[in-house]
């Protein structure tokens with residue numbers, strides 16, 4: 001691995017320094033630390049924590065951040081191939097296997113916060129570096145510089161430094177002095193605005209954000225200044241000014257959705273629901289930016305969806321609002337206050353829906369009661385990795401995305417497919433008993449994705465045979481890995497089709513059942529992302545043989561296509577009972593609810 005030297009300036013960090021050094025110690029080969037006047041045990045703790053790692057502890061008088069960090073860089077020059085620049089109230093996580101072969105002059109490291117941002121914190125040790133600025137300083141060097149992003153090292157900023165108290169007041173003094181010396185410096189104006197905002201001086205902050213925006217220059221700062229002008233003006237009740245600034249911000253950076261989220265909230269508060277729906281829907285079409293200054297991930301993950309769920313209800317789109325509520329409730333990162341509000345909103349959506357035939361209200365959405373294994377599942381469902389340990393120690397491999405974690409959360413923590421929650425469970429339980437049925441219960445998972453539902457079914461119905469179909473190669477690879485230790489699951493890389501020739505490597509549901517001799521159809525789970533129309537338009541009799549059909553409808557993926565109509569026609573024609581649970585519909589064979 002490339003050699004790394006830790007570089008820090010510290011003062012009165014006894015409360016946090018050991019945590020920082022413990023996290024970084026396996027990564028570094030040397031260290032250079034400057035103490036700028038500690039009156040606690042900071043220096044002794046550094047010596048103890050790094051006693052077997054070569055390094056230097058210097059003492060220097062405090063001047064300002066730019067001066068003292070530049071001094072540090074001079075002391076560290078040439079100590080290692082790369083210099084790692086962090087503060088005492090930070091920790092790091094890293095993947096050492098991805099740190100060989102580094103060649104850029106500098107690397108931007110990701111701060112795992114919300115808003116997320118990247119800062120230059122790994123630089124070549126053989127170059128001469130200096131810092132510019134008394135506070136909110138930045139590092140630079142002479143001559144050409146090749147800088148890249150590196151996600152093999154992630155910074156976690158805890159914000160509990162010993163120098164944290166009074167930080168904003170100190171920054172305000174330093175930045176004000178700098179602004180007096182150079183009133184045309186864009187960076188100083190920007191961070192003055194940021195500091196005034198953090199101090200609660202919103203009027204002054206808006207003024208400085210406006211000054212920064214008028215200076216032009218770096219597009220990211222111009223966008224963020226306009227965005228903050230709008231957001232703070234909204235908080236100050238200056239609606240016209242807020243709308244103008246937010247629209248200007250989005251016009252400068254149409255790949256950023258944060259201004260649209262604030263606009264949607266403004267329109268909602270003004271009962272302008274069509275306008276709120278328009279901007280929220282547009283915002284939902286924007287993906288989380290890979291790059292950008294202070295990206296607010298929550299806006300893309302749930303913030304805009306929350307606004308959309310409310311706006312859709314008020315303009316008469318109760319079904320779309322209901323689906324948005326269910327998507328929100330499936331997100332583990334949804335804050336508790338918004339979760340409670342969404343549950344309440346969902347009730348209004350359900351009441352506004354036109355009634356469906358044969359619907360039972362026995363399973364409306366509710367937070368599940370604690371169950372064995374729930375805490376373990378939640379604890380290991382960490383967005384930073386792509387493996388989640390569920391009940392029985394079973395490991396689920398997935399993409400590591402928020403969407404995949406939400407699927408695991410919904411199935412294993414929310415217990416979405418726990419049949420004992422249904423009033424019809426006594427009748428369904430008979431289907432899970434091979435001796436009572438005279439055959440092996442057959443569970444078919446259409447659109448198995450990475451196999452979370454298939455694994456749930458195999459763990460909870462060990463006597464059943466589970467056939468999991470997934471056409472996508474990447475998802476099928478994960479599905480096969482997840483099923484490897486569960487012999488009752490048969491993964492198949494095939495797509496389901498209502499008629500021959502509709503999909504590549506297609507197979508009909510009739511063929512799936514025929515290829516499982518000695519089984520009795522028990523559960524059919526359908527998640528075809530808009531392909532339900534083709535399935536339920538044909539093969540009515542074979543589908544009706546399943547005691548339970550669980551369907552996740554996807555009308556919103558194909559607006560106007562009415563993909564749910566064929567399912568509803570089939571369901572009504574066979575006089576089955578229907579239970580709605582979040583985004584899933586449970587279609588039960590007639591008579592099960594009376595057993």
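The values are calculated or read from the model by the stated rules, or taken from the named source; none is laboratory data. Please read these numbers as outputs of a predicted model, since none were measured by experiment. As a convention, Cβ positions derive from the backbone with ideal geometry for all residues, glycine included, and neighbour counts pool all protein chains shown.
A few points about this structure:
- Qualifying residue in region 225-236 (condition: within 21 Å of residue 403 (Cβ to Cβ) and surrounded by fewer than 18 Cβ atoms within 10 Å (Cβ to Cβ)): no
- Just one residue in the set 21, 72, 57 is in contact (Cβ under 8 Å) with a residue 12 or more places away in the chain, in contact with a helix residue (DSSP H, G or I) (Cβ under 7 Å, 6 or more places away or on another chain) and assigned to a helix (DSSP H, G or I); that residue is 21.
- Qualifying helices (runs of 4 or more DSSP H) (wholly inside region 414-490; at least 3 residues being in the same structural domain as residue 516 (by TED's automatic domain parsing), touching a helix residue (DSSP H, G or I) at 6+ places or on another chain (Cβ under 6 Å) and modelled with pLDDT under 90): 425-431
- None of 253, 280 is in the same structural domain as residue 333 (by TED's automatic domain parsing), surrounded by fewer than 24 Cβ atoms within 10 Å (Cβ to Cβ) and either modelled with pLDDT of 95 or more or under 26 Å from residue 205 (Cα atoms) (or both) except 253.
- Condition check for residue 148: assigned to a helix (DSSP H, G or I), farther than 19 Å from residue 20 by Cα and either modelled with pLDDT under 95 or in the same structural domain as residue 27 (by TED's automatic domain parsing) (or both): no
- Enumerated strands (runs of 3 or more DSSP E) restricted to region 492-595, each holding at least 3 residues that are in contact with a strand residue (DSSP E or B) (Cβ under 9 Å, 6 or more places away or on another chain) and modelled with pLDDT under 85: 577-581
- Residue 15 meets all of the listed conditions (1) modelled with pLDDT under 95; (2) farther than 21 Å from residue 167 by Cα but one, namely (2).
- Among (1) farther than 21 Å from residue 98 by Cα; (2) at pLDDT 90 or above, the one test that residue 160 misses: (2)
- Check on residue 213, in the same structural domain as residue 262 (by TED's automatic domain parsing), within 21 Å of residue 260 (Cα to Cα) and part of a helix (DSSP H, G or I): yes
- All positions within region 43-53 that are part of a loop (DSSP other than H, G, I, E, B) and surrounded by 12 or more Cβ atoms within 10 Å (Cβ to Cβ): 50, 53
- Selection status of residue 40, assigned by TED's automatic domain parsing to the domain that holds residue 127, under 25 Å from residue 141 (Cβ atoms), surrounded by fewer than 19 Cβ atoms within 10 Å (Cβ to Cβ) and touching a residue at least 40 places away in the same chain (Cβ under 8 Å): no
- Selection status of residue 126, part of a loop (DSSP other than H, G, I, E, B) and within 23 Å of residue 187 (Cα to Cα): no
- Among the criteria (1) within 30 Å of the chain's Cα centre (by Cα); (2) part of a strand (DSSP E or B), the one residue 159 does not fulfil is (2).
- Region 161-172, residues that are farther than 15 Å from residue 207 by Cβ and surrounded by 13 or more Cβ atoms within 10 Å (Cβ to Cβ): 161, 162, 163, 167, 168, 170, 171
- Residue in region 90-97 that is under 27 Å from the mean Cα position of the chain (by Cα), buried (at least 17 other Cβ atoms within 10 Å of the Cβ), at pLDDT 95 or above and outside any strand (DSSP E or B) present: no
- Residue check for residue 110: touching a residue at least 40 places away in the same chain (Cβ under 8 Å) and outside any loop (DSSP other than H, G, I, E, B): yes
- Test for residue 296: is it in contact with a helix residue (DSSP H, G or I) (Cβ under 6 Å, 6 or more places away or on another chain) and touching a residue at least 24 places away in the same chain (Cβ under 8 Å): yes
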